[in-house]
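Colleague: Take this structure first; my questions come after.
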Amino acid sequence: MEICWQVRDCPPIRESFFELANRVFGLSFRDWYEQGFWSENYLPYTLTDGGRAVANLSVNRMQFLWQGCPRQYIQLGTVMTDPEYRGQGLARRLMETVLREWESRCDALYLFANDSVLNFYPKFGFIPVKEAFCSLPLSPQPCGRRRLDMKKETDRALLRACYRQGNPHSAFPFTDNFELLMFYCAFDLRENVFFLPQQNAAVILEQEGETLHCLDIYGGSGFRLQEILNAAAGPSARLAHLGFTPIETASAAFSTRKEEDETLFLLAGKENLFSCRSLMFPLLSHA
């Protein structure tokens, strides 16, 4: 078996990778690739057997800002093995290869694991870490938000322009990876992208009854976070759950983030901003 790390540019392996991801996770990468969103930030390490993708571990190059300084992180993801090839140590081989090549080239290395493999990652020096999510009270003041049509190039361009401004309200913003954002916004969240013309901000949101789930904000510099949220919320919203850690915390309530079948692991010995802070990785940075 051989490891291929040029999956995107090798059509036969790429197609086999697509099939494996769909078979194992029900994930479709094909449309994302065909729309031009697969960049150099997403690097699958794929084990092949006779040209067939049988196991994979992907490196996601991530850039965050912490206290104004860029932080280069690596997020591991798309960890999968064909059912016919399990029990042969293929995931271990891929993990050892990736750690050898990337551990010294980043500030931190992390992943989100499902409950079936919680005992696997500590074998490589990963430790479980708790995140904290934030909620804020709302007083809705709708001001003409407009849903962006992710099939229209003009609306995509508007989202990109807002994205380039970053999230001025986030304490730990994820930057320079519009392609990963579009993995969400061009597909599963395509109905959840809105533009606030008065604030010149794009907001990714979902509302369930009185709860507004604000996944992220791009743009809106010069406005307070509370103003952005109140403008984005529907009339019935009373509470906002944030998909990022805010800078403004005066009226914020923090609690431990608990997601079913998901645990954050950080590689020990690398940077750990979570050890003594109420912090979370932005939800739309999950790869």
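Colleague: I need the peptides 232-245, 121-134 ranked by packing, meaning the mean over residues of other C-beta atoms within 10 angstrom, with the highest value on top.
Modeller: Highest-to-lowest ranking by the protection proxy: 232-245, 121-134.
Colleague: Run the quick spin-label model on residue 188 and residue 105: label points 7 Å from Cα toward the beta carbon, then report their separation in nm to one decimal.
Modeller: Placing both labels 7 Å along Cα→Cβ, they lie 2.8 nm apart.
Colleague: Label points 7 Å out from Cα along the Cβ direction at residue 254 and residue 63: separation in nm?
Modeller: 2.7
Colleague: A follow-up question, please. Just the accessible area per residue of the chain, please: how many Å² with a 1.4 Å probe?
Modeller: The answer is 47 Å² per residue.
Colleague: Accessible area of the chain with a 1.4 Å probe: how many percent of it is carbon plus sulfur?
Modeller: Carbon plus sulfur share of accessible area: 46 percent.
Colleague: What value, in deg cm²/dmol to 500, does the helix sum -39500 (n - 2.57) over DSSP H runs of n ≥ 4 give at 222 nm once divided by the residues of the chain?
Modeller: Details: 6 runs with 60 residues, N = 287.
Taking each H run of at least 4 residues, the total per residue is -6000 deg cm²/dmol.
Colleague: Let me ask something additional. Could you tell me how far the Cα centroid of segment 1-58 sits from the Cα centroid of segment 64-141, in Å?
Modeller: Comparing the Cα centres of segment 64-141 and segment 1-58, I get a distance of 19 Å.
Colleague: Can I ask one more? What is the local net charge at residue 234, summed over the other residues whose Cβ is closer than 13 Å to its Cβ (Lys, Arg +1; Asp, Glu -1)?
Modeller: 0
Colleague: Assuming R0 = 30 Å, can you tell me the calculated FRET efficiency for the pair residue 88 and residue 132, based on Cβ-Cβ distance, to the nearest 0.05?
Modeller: It comes to 0.20.
Colleague: By average Cβ neighbour count within 10 Å, what is the ranking of 157-164, 98-105 from highest down?
Modeller: 157-164, 98-105
Colleague: Got a sec? Charge dipole of segment 78-237, +1 on Cβ for Lys and Arg, -1 for Asp and Glu; which of 81, 237, 102 is way out at the positive end?
Modeller: The Cα lying farthest towards the positive end belongs to 102.
Colleague: Go through segment 1-95 and name the trypsin sites (Lys or Arg not before Pro) that are in a DSSP coil and have 16 or fewer other Cβ atoms within 10 Å of their Cβ.
Modeller: In loop regions of segment 1-95 (DSSP not H, G, I, E or B), the sparsely surrounded trypsin sites (Lys or Arg not before Pro) are 86.
Colleague: Excluding residue 177 itself, calculate the net charge of residues whose Cβ lies under 11 Å from the Cβ of residue 177, where each Lys or Arg counts +1 and each Asp or Glu counts -1.
Modeller: Taking every Cβ under 11 Å from that of residue 177, the sum is -2.
Colleague: Loop-only GluC sites (Glu not before Pro) in segment 212-271, please: DSSP not H, G, I, E or B, and at most 13 other Cβ atoms within 10 Å.
Modeller: Those that pass, being in a loop and sparsely packed, are 248, 260.
Colleague: Quote to one decimal, in nm, the extra length available between residue 147 and residue 19 on full extension: 0.36 nm per residue of separation minus the C-alpha distance between them.
Modeller: In short, 42.8 nm is gained.
Colleague: I need to check one value: relative contact order of segment 3-121, counting alpha carbon pairs closer than 8 Å and at least 6 residues apart, in percent.
Modeller: 21
Colleague: Additional query: For the chain, what number of Lys pairs, 8 or more residues apart or on separate chains, have alpha-carbon atoms under 30 Å from each other?
Modeller: Summing the qualifying lysine pairs gives 5.
The values are calculated or read from the model by the stated rules, or taken from the named source; none is laboratory data. Just so you know, these numbers come straight off a predicted model, no measurement behind them. All Cβ positions, even for glycine, are placed from backbone atoms using ideal geometry, and neighbour counts span all protein chains on display. Protein only, heavy atoms only, side chains kept; ligands, DNA and RNA dropped before computing areas. Shrake-Rupley method; radii C 1.70, N 1.55, O 1.52, S 1.80 Å.
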